[in-house]
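See structure below.
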Amino acid sequence: MPKVRTSKTKYPEGWELIEPTLRELETKMRDAEVDSHEGKRKCESLWPIFRLAHQRSRYIYDLFYRRKAISRELYEFCLNEGHADKNLIAKWKKPGYERLCCLRCIQARDHNYQTVCLCRIPKKNLDPGKIVECVHCGCRGCASGDVNEGPESSHDA
């Protein structure tokens, strides 16, 4: 959750361009946090929160690394203020993790047999027609070998 905005905070140049999108994502996050959990499994109630956190971090990442639309100062400001997950972005910069949905999917301690999440397995290595859904975040496949599917298609809901 981003820090509370105060008048003492000095915003870097370019903040006014990304602020509306970040505020919109923040509003969606608040709605997801207070959304009803009835009829859902405990883990399913957290999926919208994980998806929005991924979307917000991916937005900042794309603006800085792919589109080069924001300055380093603004990028670091967003990371320091909690608008993006710096650990997740650090993983996206490494080969093989470009499409990673969340950090829990690669933590071996959270899974049986000390491996990674099922969503990290490329679709070509799974049985044909098998639908994979991560227990932690609801991702349907974020392996780097999957070209057209991944967290972008499952997390932008």
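Readers should treat all values here as calculations from the given coordinates under stated rules, not as data from a laboratory. No experiment lies behind these values; they were computed from the predicted model shown. Heads up, the Cβs are rebuilt from the backbone with ideal geometry, glycines too, and the neighbour counts pull from every protein chain shown.
Can you report the number of residues in the stretch 31-54 which are of a type in the set (Lys, Arg) and closer than 21 Å to LEU88 by Cα?
1
Select from the stretch 70-89 the residues that are touching a residue at least 40 places away in the same chain (Cβ under 8 Å) and in contact with a helix residue (DSSP H, G or I) (Cβ under 8 Å, 6 or more places away or on another chain) and write down the one among them that is nearest to ARG99 (Cα to Cα).
Among those that are touching a residue at least 40 places away in the same chain (Cβ under 8 Å) and in contact with a helix residue (DSSP H, G or I) (Cβ under 8 Å, 6 or more places away or on another chain), it is HIS83.
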